[in-house]
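**Q** Quick one: this structure, given as structure tokens, is what I'll be asking you about.
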Amino acid sequence: MKILLKIIALLALFILIGAVGIVYYVRNADYRSTIEEAVADATGYEITIAGDLDVEFFPTLGITLNDVRLSNPGQRQELMSTSAVILRVNFRELFNERIVVEELLASDFHVNYYITADGSSIWQSDKLGAMVSQDSADSGAASDFSELVIDRISINNTSIDYQDLSSGSRYQVANFNLESRDTNINGRPFDIQLDFDFENDGMSEPVPMSLRSNVIVDLNQGNLNFNNLAFTVTPLLLQGEVSVINLNNNPQFTGNLAADSFSLPGLLQRLGMLEESRSGAPTLTNEQLAAFQMQFSGNNSEATMPSLTLRLGEAEVEASGSARFATSTAPMNISYSVIGGNIDLSPYINADADEETEADAGPETAEPAQTDTQLPTDLLSSMNLIGSVSLASITVNDMRFDNINLYTNIEDNLLDLELTPVSAFDGSLQGSVRLDARSDEPALSTRFSTESLNLLQLAPSVSRFNTVTGNLNMEAEHSGRGSSVNALLDTLSGSTTFTVTDNSVDIGLIKQVFTAIAALSPDGSSIQQWPDIIRFNELGGYITLDEGLQVNQNIKLRMDNFDITGSGGIDLAAGNFDYDLLFTVLGDPFTQTIPIGELYHDISWPVQCSAAFDDPVGQYCGPDFNAVREIFTQIGTNAVRSRLEEVISDQVPEEVQDSARGLLRNLFDR
């Protein structure tokens, strides 16, 4: 505030100079250079007045600057520009140590706030920093002026461009308009209203927003109050009060904010966070409406939120939290608690988006974008955190999860997440995650398990599961290293073991593979009598990973007398997989659930499974025909040898049998 006083007083001084003797020179370069030097000395910025500079003396003293540009030496972008700034001051009140500004008008402002990749801002200035520090140090001293009053503030058609290369974010504010009357710092209430259009990279079009409030500023007491606060972004109306006391010494703040029922899907769509339904705007139901209210307080060292109540449809969520800010000896400490009932998120998820994606998908799949996400290891070193989320249930379309308890702990660069058993799909699931960032190369370890998870209920969510039904029991434990998601995937190691009880399996792909194999059989055997769906007494296996997903995966699957083993990998970026497998139909003593002639028993048939995830399941696998032909050739050879061995044993005199067997071996081993 004292910086504002100094700037206004400086402008008033310019008017005084013009009034006392240099009326005839206000348009020349010397006067402009005086202003430019004063701004440079005070802030380090360069101001250029490219247009006219006018001074008025009647009925009030005023100064008008046209086509003004502000820049920071050494930076290519302008900081700010405006077509005109007008300041009219009641000169007589200056002698009473009162600054009474009758009008402060500005139009066509444009502000650039640009942060480079290394985190530095184009607004950084050593002189301005020193000025702010000195003003803060002098905050307890008496002001040269006892009162500041601005009868009218009007700022029109302002735009702001904010870009942060260090975080990859960009925001734009356009059509910013600010109006206020009787603005003062002496404790008298005044109204302020502003409107603007907000846009970021995720929005299809700018979003109009507005703010209204009755404000009380008492600079001498260091108090600031925003009463009847109303922030609007359709369909949300946020109302409340915010109060700050001891602004000059040890600031403390309190406040409360609330929003009555509003359409959360409508708000998310307006902000570009949810695609609009192709069926148009539906009639709002109570399940789609949301409301909340919160209280908060804090000071220089901590902030607390003793109460936050969020209502989603008929459900309520209660939350509380606190944060103790970082000091020179300790990081920030955060704690939170969230408790809620039965939450239905279905109304806030646009099901049309998936349908539209599938409908618009062409016969060719576009090359996926190569992206990577860095792990938030810096965040782990900047705070300690402990918190919990406890919800009776969460429903997402046809999926329901009951008894949800999630615990989070961050301490000394170590993140732990634990999900206790959650009831879902007629079974349960649980898991834990640990991210250890105490070394230069972060390490991730995960555990996940399911018990009696009904695959039939899960199938609509994971479409490839519709070939298998039953109850899934699974144990998975994996670890990885690296500072990004791709690095973790490239080093992922571990194992997953599973069984499926009360199962039924669509063996259409297996039938397809063995039909192709049988076509090469010398006796023309057929397996068409196999049923399409089979129930197995035993269905289970494992998958092991060694340093990544793309290679070194080992697979084992046993379904009664059918065995699959092999190795390979998947390429998530390309959306495909490649495995070399062996299909084996086992003979006695295994239960002969899949019936097949003895010719095929205990023989490992080479099968290649290589396709894109989006391909039809029927295109996933096929036999290695060259290898299959060699196997059938060997089977035929073995059959002839076996028959000749029988003939030798039954019909050749015993004294020459050894010689006959030797000739037989020489014949077949060539």
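**Q** Computed FRET efficiency, Cβ-Cβ of T48 and D126, R0 30 Å: what is it to the nearest 0.05?
**A** Taking R0 as 30 Å, the efficiency between T48 and D126 is 0.90.
**Q** How large is ³J(HN,Hα), in whole Hz, for each residue of segment 410-415 in order, when computed from phi with the Karplus curve 6.51 cos²θ - 1.76 cosθ + 1.60 and θ = phi - 60°, using x for Gly and Pro?
**A** After applying 6.51 cos²θ - 1.76 cosθ + 1.60, I find 10, 7, 6, 6, 10, 9 Hz.
**Q** Find how much the distance from D67 to D440 grows on full extension, using 0.36 nm per residue of separation minus their present alpha carbon separation; answer in nm with one decimal.
**A** 129.0 nm
**Q** If I take R0 = 56 Å and measure r between the Cβ atoms of A573 and E179 in this structure, what FRET efficiency does the formula 1/(1 + (r/R0)^6) give, to the nearest 0.05?
**A** With R0 = 56 Å, the Cβ-Cβ based efficiency is 0.60.
**Q** Give, in whole angstrom and from largest to smallest, the semi-axes √(5λ) of the equivalent ellipsoid of segment 416-563, with λ running over the eigenvalues of the Cα gyration tensor.
**A** After diagonalising the Cα gyration tensor, the semi-axes are 36, 21, 11 Å.
**Q** What residues from segment 556-596 fall in the zone where the backbone N is under 15 Å from a label point 7 Å along the Cα-to-C-beta line of E630?
**A** 581-582
**Q** Want the number for M273 to I339: 0.36 nm per residue separation, take away the alpha-carbon distance, what's left?
**A** Stretched out fully, the M273 to I339 stretch lengthens by 21.2 nm.
**Q** Once the convex hull of the C-alpha atoms of segment 491-581 is built, how many Å³ does it hold per residue, rounded to a whole number?
**A** Per-residue hull volume (Cα only) is 117 Å³.
**Q** With a Förster radius of 35 Å, plug the Cβ-Cβ distance of E418 and I533 into 1/(1 + (r/R0)^6) and report the FRET value to the nearest 0.05.
**A** 0.35
**Q** Arrange the residues T499, T633 by how much accessible surface each exposes, largest first, with a 1.4 angstrom probe.
**A** T633, T499
**Q** Now for a different question. How would F448, F425, F176 line up by accessible area, probe 1.4 Å, largest first?
**A** The most accessible residue leads, giving F448, F176, F425.
**Q** Quick one: which residues, 5 or more positions from D624 or on another chain, have an amide H under 5 Å from its amide H? H modelled 1.01 Å from N in the peptide plane, none for Pro or chain starts.
**A** V607, Q608
**Q** Over segment 210-344, what number does the Rg to Rh ratio reach, with both radii from the alpha-carbon atoms and Rh per Kirkwood?
**A** Rounded to two decimals, Rg/Rh equals 1.06.
**Q** Moving to a separate point now. Full-extension gain between A519 and Q252, please, as 0.36 nm times their residue separation minus the C-alpha to C-alpha distance.
**A** Net length gain for the segment: 87.8 nm.
**Q** Hey, another quick one. For segment 158-242, compute the orientation-averaged projected area of the C-alpha convex hull (one quarter of its surface), in nm².
**A** 7.1 nm²
The values are calculated or read from the model by the stated rules, or taken from the named source; none is laboratory data. None of the values given here were measured: they were computed from a predicted structure. Backbone-built Cβ (ideal geometry, glycine too); neighbour counts: all protein chains shown. Note: areas computed on protein heavy atoms with side chains; ligands, DNA, RNA excluded. Shrake-Rupley method; radii C 1.70, N 1.55, O 1.52, S 1.80 Å.
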